[in-house]
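Notes follow once the structure below has been shown.
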Amino acid sequence: MHAKKFIFVTGGVLSSLGKGVASASIGALLEAIGFNITLQKLDPYLNVDPGTMNPYQHGEVFVTEDGAETDLDLGHYERFTNTNLSKINNITAGRIYYSILENERKGAYLGATVQVIPHVTNEIKSMILKASENKDISIVEIGGTVGDIESLPFLETIRQLQLELGRDNTLFIHLTYVPYISAAGELKTKPTQHSVKELRAIGIQPDIIICRSEVMLPEDVKSKIAMFCNVKPTNVISAYDVDYIYKIPLILKAQNLDNIITSALNLDYKTPDLSKWNHIVSNLEHSQEEINIAIVGKYIKLKDAYKSLIEALIHAGIENTLKVNISWMDAENLNEEELEKSDGILIPGGFGERGIEGKIQAINFGRTHKKPTFGICLGMQLMAVEFARNVLGLLEANSTEFEPNTKHPVIDIMQEQKLIEAMGGTMRLGAYSCYLKPNTKAYNIYQASKISERHRHRYEFNNKYLDMFEKQGFIASGINKERNLVEILELQGHPWFLGCQFHPEFKSKPFGPHKLFVSFVRACHENKNI
Ligand code: GLN
């Protein structure tokens, strides 16, 4: 059985308005009422998934438990709600066409001319219905902006779905932008009017319009939008700029969005319990003490490339009642004075050779100056390279990702990866288990002997060198036993110097901060106060 109710979220005027956060917030409100919900993102581009895209183009690639490489909005969905998403929750036009063309080659269309309507739209429809199975409400966000050529088949599909499923069972929410023009001292509704006109031209009348703007929209502006766009004034919702995205469910609730949605969909309403949201917001606002964490990375000009990481640090800040400031450091132009000023150093994941030596230098600084240092994925791999070069004396140590013929490949590609030629979806992806050794920092942090974390990488620690590492105090405290792979390295005798091969940031939530981040942030705070 597919979901009883569908909410379709489209966007207008501009991209990057936060449609993902708005959808996630709606999910949070509906969950708080007691509904079993899911969220799905439909992306109109032709890549089969975002896994092969440059983070500068697309931001972070979010990895689900089942190893799907997905849009970063799925990160918002999981952080705001209790959903555990998978491959079906992010569908691109590329994936739709891929499966249609495969079917066409198999002769599945029995001589028909294969067309956008009905073949592409039917395929999209089946993906929407499949993702909604066994849920009360499915929130489906369409990527891009109305008016894009690419998004037309998706919009046509949701138009058809309303006709098929009925108006009581489907709801259209359109997110737009209302700019403030300072020269005129006015909020301008025209872009919203045009964007809704565009939507109506293809047969979709939005039921609710969520307006992004710098300031709260006054009633007269809401009424004007309502009249020109043919919606009720109460259904024009103001989503004004806030310092923390975790305030958004509360802002939407204050304008009754939860009640408007349930009554439009003929669902029972009960006041949602939002105490946990109030709690984190008040905690964020009352965290006065600050710590500074240096993130040494390659994609620092686009913060979206490290979305989950930033959120995980914020969550750990909430848990420790600390405000976490991030200093972004370009790995290609490392400034040790800046590093010195920070309370801790974080080396995130990454690909490719650029900035590698700068990251190694930052790790060396953290190790020798006893500053809390956290390496994630590539960060852990470079901790191993730094240690091999500077403690074990293996001066040429490297990862074969950067130096395929290195004399000391302390990080090397796995045998099974050597045979793979295709780039997309072929890394070690998704959840793998990890055993933690008793009496280690990792064990003390997790308070468990077996954990599971998400991965996205091709290279691994080379076990040939493990003995040498451990003899010098850099020990493997986390191991994947099934494949005998090092998952966590930690340095004994250092306040906090730990690297993990997985990406803990993907599992951190505001209400369930990740233990590694909580511990790291605490260590940075202690370091500050020494
Ligand atoms: N480039 C490294 C690898 O493929 C690390 C990847 C990452 O940090 N996600 O193993």
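For the condition within 30 Å of Gly317 (Cβ to Cβ), within 16 Å of the ligand (Cβ to nearest atom) and of a type outside the set (S, T, N, Q), what is the one hit in Gly424, Gly366, Gly430? Please lay out each step first, then the result.
Working: Gly424 fails: within 30 Å of Gly317 (Cβ to Cβ); Gly366 fails: within 16 Å of the ligand (Cβ to nearest atom).
Going through Gly424, Gly366, Gly430 in turn, the sole match is Gly430.
Tally time: how many residues in the range 154-205 are among the aromatic types (Phe, Trp, Tyr) and in a helix (DSSP H, G or I)?
Of the residues in that region, 1 qualify.
From Lys130, Lys135, Lys125, grab the single residue that is of a type in the set (Lys, Arg) and surrounded by 18 or more Cβ atoms within 10 Å (Cβ to Cβ).
On the way: Lys130 fails: surrounded by 18 or more Cβ atoms within 10 Å (Cβ to Cβ); Lys125 fails: surrounded by 18 or more Cβ atoms within 10 Å (Cβ to Cβ).
When all the criteria are applied, what remains is Lys135.
Could you list, ordered by first residue, the pairs with Cβ atoms under 8 Å in which the first is in the range 444-466 and of a type in the set (Val, Ile, Thr) and the second is within 15 Å of the ligand (Cβ to nearest atom), at least 6 apart or interchain?
Correct list of pairs: empty, since none qualify.
Exactly one condition in (1) assigned to a loop (DSSP other than H, G, I, E, B); (2) away from the ligand (no atom under 11 Å from the Cβ); (3) touching a residue at least 60 places away in the same chain (Cβ under 8 Å) is false for Gly349; which is it?
(2)
Give the residue that is surrounded by the most Cβ atoms within 10 Å (Cβ to Cβ), with candidates limited to residues of the range 82-112 that are assigned to a loop (DSSP other than H, G, I, E, B) and touching a residue at least 24 places away in the same chain (Cβ under 8 Å). It would help to see each step written out before you state the result.
The initial filter retains those residues of the range 82-112 that are assigned to a loop (DSSP other than H, G, I, E, B), namely 82-86, 107-112.
Within this subset, residues satisfying the condition of being touching a residue at least 24 places away in the same chain (Cβ under 8 Å) are 82-83, 85.
Working: Asn82: 13, Thr83: 20, Leu85: 23.
Here the residue is Leu85.
Can Val146 be described as surrounded by fewer than 22 Cβ atoms within 10 Å (Cβ to Cβ) and within 18 Å of Asp43 (Cα to Cα)?
No, not satisfied.
Between Ser182, Ser223, Ser195, which is at pLDDT below 95 and among the polar types (S, T, N, Q)?
The conditions single out Ser182.
Looking at Ser449 and the list (1) buried (at least 19 other Cβ atoms within 10 Å of the Cβ); (2) away from the ligand (no atom under 16 Å from the Cβ), which single condition is not satisfied?
Among (1) buried (at least 19 other Cβ atoms within 10 Å of the Cβ); (2) away from the ligand (no atom under 16 Å from the Cβ), the lone unmet condition for Ser449 is (1).
Can you work out which of the residues in the range 352-363 that are within 16 Å of the ligand (Cβ to nearest atom) and over 23 Å from Glu311 (Cα atoms) is modelled with the lowest pLDDT?
Here is the first cut: in the range 352-363, the residues within 16 Å of the ligand (Cβ to nearest atom) are 352-360, 362-363.
Right, trim to over 23 Å from Glu311 (Cα atoms) and you get 352-358, 360.
Numbers: Gly352: 86, Glu353: 82, Arg354: 86, Gly355: 91, Ile356: 94, Glu357: 95, Gly358: 95, Ile360: 97.
Of everything passing the filter in the range 352-363, Glu353 is modelled with the lowest pLDDT.
Run Ser308 past the list (1) within 25 Å of Phe402 (Cα to Cα); (2) within 15 Å of the ligand (Cβ to nearest atom) and report the number of the one that doesn't hold.
(1)
Of the residues that make up the range 294-305, is at least one of a type in the set (A, V, I, L, M) and farther than 30 Å from Gln57 by Cα?
Narrowing the range 294-305 to residues of a type in the set (A, V, I, L, M): 294-296, 300, 302, 305.
Now drop any that are not farther than 30 Å from Gln57 by Cα, which leaves none.
No: zero hits.
Name the pairs whose Cβ atoms lie under 9 Å apart, with the first residue in the range 53-69 and free of Cβ contacts under 8 Å to residues at least 60 places away in the same chain, the second β-branched (Val, Ile, Thr) and part of a loop (DSSP other than H, G, I, E, B), and 6 or more positions between them or separate chains?
Met53/Val61
The values are calculated or read from the model by the stated rules, or taken from the named source; none is laboratory data. The shown structure was predicted, so the numbers you read here are calculated from the model rather than taken from an experiment. No Cβ is skipped: glycine too gets one built from the backbone with ideal geometry, and neighbour counts run over all protein chains shown.
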